[in-house]
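Trainee: Sharing a structure with you now.
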Amino acid sequence: MKITGLSFTPCKSFNRYLAKNLKAELAVDLGYKIPTIFTEESDELAFRNILPLDKKNTEAERSYGLNLDIDYKTILFGGITLSINNLFFYTRIDDPLYLQFNNDNNSYEYLTLDGYADTKGIETNLKFTYDHYKLFAGYTFTDVRSHSNGTSSNFPLTPKHSLGLVLIYEIHGDFRIGLEAYYTGTQKLSDGTTTTDYWINGVMIEKRFGNLRFFLNFENFLDTRQSNYGPMFTGTPQSPNFVQLYAPTDGRIINGGVKIRL
């Protein structure tokens, strides 16, 4: 077993097994970021009605992170191989920057939170392989919160639970087909309301004929769209107020093509 930054010696009877099947890495990260208006929030607003940064109200962000990454591989019954990856993570950001609407001048301004924000969670990925079949399964739990003045609150547009499933049948160099399904759990919007959870499904097909490869993709074929769960804006078409985006907006997507190998 290998743990970055630490020495570790397991029992002799397990030395060979662990060295072959199990690996672990521990990482510590430090970060520093000066204030900037180029963030996801300002990009969504197209940088309109955003005040310049005020040095008196903003400070540099400092981050501290800890990650533990564990990999395990083994062969199960019937020739099924299993690969497991577990990532445990924690990140803390002191004096995070946030965007706030100022009613006095009808503009947005960046301020530094008097406190900190932290992210903790786990990401687990499984891979099963048998003959021409491969199954990938990934689950992520993420808890993101801001802490200030003795209180804490959830970050908006951050699902705690997400899941991904991909099943592939492949004859190497000839044909493959894949099915995928991705789950996104409920999220909190900036106004405190809770969104609905949703699934996105897709199909991929590829066939080879000599140096030609034909492929066809059906993305989101069940037509999952945010407009299915509620209106996309309030007000009038002449003066709309758009809602926050938390799900796909474009519905089904079908594309295909030909790859030529020279």
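The values are calculated or read from the model by the stated rules, or taken from the named source; none is laboratory data. Source: prediction; values computed, not measured. All Cβ positions, even for glycine, are placed from backbone atoms using ideal geometry, and neighbour counts span all protein chains on display. These area figures cover heavy atoms from the full protein model, side chains too; ligands, DNA and RNA do not enter into them. Shrake-Rupley method; radii C 1.70, N 1.55, O 1.52, S 1.80 Å.
Trainee: Expressed in nm², what is the orientationally averaged projection area of the convex hull enclosing the Cα positions of segment 54-134?
Mentor: If you wrap the Cα atoms of segment 54-134 in a convex hull and average its projections, you get 8.9 nm².
Trainee: Based on the Cβ-Cβ distance of residue 139 and residue 64, what FRET efficiency does E = 1/(1 + (r/R0)^6) give at R0 = 25 Å, to the nearest 0.05?
Mentor: For R0 = 25 Å, the calculated efficiency reads 0.45.
Trainee: If R₀ is 45 angstrom, what is the calculated FRET efficiency for the pair residue 55 and residue 167, using the beta carbon separation as r and rounding to 0.05?
Mentor: Computed FRET efficiency for residue 55 and residue 167: 0.25.
Trainee: Something else now. State the percentage of accessible surface on the chain attributable to carbon and sulfur atoms; use a 1.4 Å probe and exclude ligands, DNA and RNA. Show your work: numbers first, answer last.
Mentor: Values: 10040 of 17510 Å².
Summing carbon and sulfur atoms, their accessible area is 57 percent of the total for the chain.
Trainee: Starting from the eigenvalues of the Cα gyration tensor, five times each then square-rooted, give me the equivalent ellipsoid semi-axes of the chain, largest first, whole Å. Each step should come with its number before you reach the end.
Mentor: Values: eigenvalues 320, 194, 54 Å².
They are 40, 31, 16 Å, listed largest first.
Trainee: How high is the FRET efficiency from residue 201 to residue 154, r the C-beta distance, R0 30 Å, rounded to 0.05?
Mentor: 0.60
Trainee: Still on this structure, please answer the following. Let me check the size of segment 111-164 from its C-alpha atoms; what are the radius of gyration and Dmax in Å?
Mentor: Calculated on Cα positions, Rg and Dmax stand at 17.1, 57 Å.
Trainee: Also: Multiply the residue gap between residue 186 and residue 27 by 0.36 nm, knock off their C-alpha separation, and tell me the result in nm, one decimal place. Before the final figure, lay out each step's value.
Mentor: Details: separation 159, 0.36 × 159 = 57.24 nm, distance 3.04 nm.
Taking residue 186 through residue 27 to full extension adds about 54.2 nm, to one decimal.
Trainee: Let me ask something additional. How many nm is it between the label spots at residue 193 and residue 227, if each spot is 7 Å from the Cα in line with the beta carbon?
Mentor: Between residue 193 and residue 227, the simple spin-label model gives 1.8 nm.
Trainee: Could you sort 134, 33 by their accessible area in this structure, using a 1.4 Å probe and putting the largest first? Display every interim value, and only then the final one.
Mentor: Details: 134 70, 33 100 Å².
Descending order: 33, 134.
Trainee: OK, next. Give me the accessible area per residue for the chain, probe 1.4 Å, as a whole number in Å².
Mentor: On the way: 17510 Å² over 262 residues.
Result: 67 Å² per residue.
Trainee: What percent does the relative contact order of segment 122-198 come to when contacts are Cα pairs within less than 8 Å and at least six residues apart?
Mentor: 24 percent
Trainee: With n ≥ 4 as the cut-off for DSSP H runs, can you work out [θ] at 222 nm for the chain, using -39500 (n - 2.57) per run divided by the number of residues, rounded to the nearest 500?
Mentor: -1500 deg cm²/dmol
Trainee: Can you give the net charge of the other residues whose Cβ lies under 10 Å from the Cβ of residue 117, counting K and R as +1 and D and E as -1?
Mentor: -2
Trainee: Can you give the Kirkwood hydrodynamic radius for segment 122-262, in Å, rounded to one decimal and based on Cα pairs? Could the numbers behind the result be given before it?
Mentor: Details: mean 1/r = 0.0549 Å⁻¹.
Its Kirkwood hydrodynamic radius stands at 18.2 Å.
Trainee: While we're on this one: Taking residue 20 as the anchor, which lysines have their alpha carbon closer than 26 Å to its alpha carbon, excluding any fewer than eight residues away along the same chain?
Mentor: 2, 12, 73, 127, 134
Trainee: If each residue of separation counts as 0.36 nm, what is the full-extension length gain between residue 260 and residue 101 once their alpha-carbon separation is subtracted?
Mentor: Net length gain for the segment: 52.0 nm.
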